[in-house]
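Trainee: Got a structure for you, questions after.
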Amino acid sequence: MIIRIVKMGFLPDQIDAFLDNFEQNKDKIRNFDGCSHLQLVRDIHQPTQFFTYSHWESEEHLNNYRNSTLFKGVWANTKNKFNQKPEAWSLSQV
């Protein structure tokens, strides 16, 4: 299993638009082949900082999602709202 964490910082006036986009797409992502968990969390001290936390059956499943039309559409509608460069980690459980 791959655990994927993505840290994203948003322009304050773009947070509602990001949340709307996430709400519209979260079930599609959760139902993507190989995804068993997707969660969005927000930093309690820096409210413009969000993290997605997802579980994937394998790196191949994650890469299939990252190369999909779904991801490309979601990402295009997300990256223009950033106030900093996003960071991502692919992890395995120890």
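Trainee: Mind sorting His55, His37, His45 by how few other Cβ atoms lie within 10 Å of their own Cβ, fewest first?
Mentor: Fewest-to-most Cβ neighbours within 10 Å comes out as His45, His37, His55.
Trainee: In which sequence would Trp89, Trp75, Trp56 go, from the one with the fewest C-beta neighbours within 10 Å to the one with the most?
Mentor: Taking fewest neighbouring Cβ atoms as first place, the list is Trp89, Trp75, Trp56.
Trainee: Hey, what angle do you get for helix 15-30 against the long axis of the chain, alpha-carbon based, 0 to 90 degrees rounded to 10?
Mentor: Helix 15-30 sits roughly 10 degrees off the main axis of the chain.
Trainee: Can you list the aspartates and glutamates whose alpha carbon is less than 18 Å from that of Lys79, not counting same-chain residues fewer than 8 positions off?
Mentor: Asp13, Asp16, Asp20, Glu23, Glu87
Trainee: Got a sec? How would Val94, Val6, Val41, Val74 order by Cβ neighbour count within 10 Å, fewest to most?
Mentor: With the sparsest Cβ surroundings first, the list reads Val94, Val41, Val6, Val74.
Trainee: Taking 0.36 nm per intervening residue step and subtracting the Cα-Cα distance, what contour gain separates Ser90 from Val41 on full extension?
Mentor: 15.9 nm
Trainee: Just want to confirm a number: the relative contact order over the chain, from Cα pairs under 8 angstrom separated by 6+ residues, in percent.
Mentor: 49
No lab work stands behind these numbers, since they all come straight from the coordinates. Remember, it's a predicted structure, so these values are computed and weren't measured experimentally. Neighbour counts are summed over all protein chains in view; Cβ atoms, including those assigned to glycine, are modelled from backbone coordinates with ideal geometry.
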